[in-house]
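What follows draws every value from the coordinates through simple rules; no lab data is involved. The shown structure was predicted, so the numbers you read here are calculated from the model rather than taken from an experiment. When we count neighbours, we look across all protein chains shown, and the Cβ atoms used for this are built from the backbone with ideal geometry, even at glycine.
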Amino acid sequence: MALKKRTVVSPAAGAVSLPSLMADLPGTRRLEEVPLDKLSPAPAAWNFYAPLPDDKLLELIESIRANDLLHPIVVWKQPDGALMILSGHNRVRAYTALLEKTGEDKYRRIPATVLTDITTDEAHEIVVDSNYVQRVLTPSEKARSISQKYALAGRKKRSRNGVRKSKYEQIGEEYNLSARQIARYVRLGSLDGSLLKLLDGGKLPLTTALRLVDFPAESQKYLAARHADELAGPKMARLTAAMTPEQLDAALQAEPQTVRVSVTVPAALEEDFRRMVAAWVKAHG
């Protein structure tokens, strides 16, 4: 399904456009205060982003306490009346903490833009876009965001000048990235989660991660479990997707240490000595 086009700029790109993103929300909307105890989070498959760390959450709590809520959360009122949080999970956490700490009734309800008449895909896209806008994402979060955005995007469409644009180009325009960058992140989104964690931790270079996308899932898990400290080394160039675990081990094993030995022998025995050394090396590897 083709989703409504809008420009989304990440904090990493130097700008935050949450108000403009909220202005382009689909469906019917109204602003109201909703009870905290009626809210449910978006599915974990959509909202896979790490929650704010304690220090940042404390900053948010103090900001709300001093200035009230600057941006209402966004919720989807579903046909059965359930209210799903699409944007604002951390703001809800902050309100919950304030209610527990102060007991003040004003924290029992939170300002929200309530959306109706939207599809599941549109709801999913709002979760992805709002997190992309508000956060500096880890490489794995960025890859998963763009992969999900790609899966939600429609087919090629024409621009104003009649040129057809690929999904990579469409998303690139919205996320202020090139089509090539979008394609790379879409590929990364299929990498095993254990390798994505190593990518976030700096143990797995991006270029190597892109190579490992083509490896079987079991090989990816095996490398993450058995060779996490070797994935940034030059020996990774030896690996191929067809290798068994044993072959992967052999390709990544440490090189035997060598030392240079200098021996003086009589000139008349030089050839005999060379033959003897060659035979020994052959016998002992």
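Some points to look at:
- Electrostatic dipole magnitude of the chain [Cβ: Lys, Arg +1; Asp, Glu -1; Cα centre; debye, to 20]: 1140 debye
- For the range 111-149, the set of GluC sites (Glu not before Pro) satisfying both a DSSP loop assignment and a count of at most 10 other C-beta atoms within 10 Å is empty.
- Long-range amide H partners of Leu86 with built H, under 5 Å: Val74, Val75, Trp76
- Where only DSSP H runs of four or more residues are counted, the chain gives -13500 deg cm²/dmol as its mean residue ellipticity at 222 nm, each run worth -39500 (n - 2.57).
- Of (1) 101, 56, 35; (2) 116, 57, 34; (3) 75, 46, 38, the label for Cα extents along the principal axes in Å derived from the coordinates: (1)
- FRET efficiency, Ala242 to Lys197 (Cβ-Cβ, R0 30 Å, nearest 0.05): 0.75
- Counting lysine pairs in the range 11-186 that sit 8 or more residues apart in sequence, or on different chains, and whose Cα atoms lie under 23 Å apart gives 18.
- Relative packing of 108-115, 245-252, which averages over residues the other C-beta atoms within 10 Å, highest first: 108-115, 245-252
- Distance from the alpha carbon centroid of the range 203-237 to that of the range 96-157 works out to 31 angstrom.
- For Asn176, the residues whose amide H sits under 5 Å from its own are Val8, ignoring neighbours fewer than 5 places away on the same chain, with H placed 1.01 Å from N.
- Comparing mean-square fluctuations of Gln181, Gln170, Gln253 from a GNM of the chain with C-alpha springs under 10 Å, the top value falls on Gln253.
- Per-residue Cβ neighbour rank within 10 angstrom, fewest leading, Phe48, Phe273, Phe215: Phe273, Phe48, Phe215
- Dipole magnitude for the range 191-251: about 120 debye, using +1 per Lys or Arg Cβ and -1 per Asp or Glu Cβ, origin at the Cα centre.
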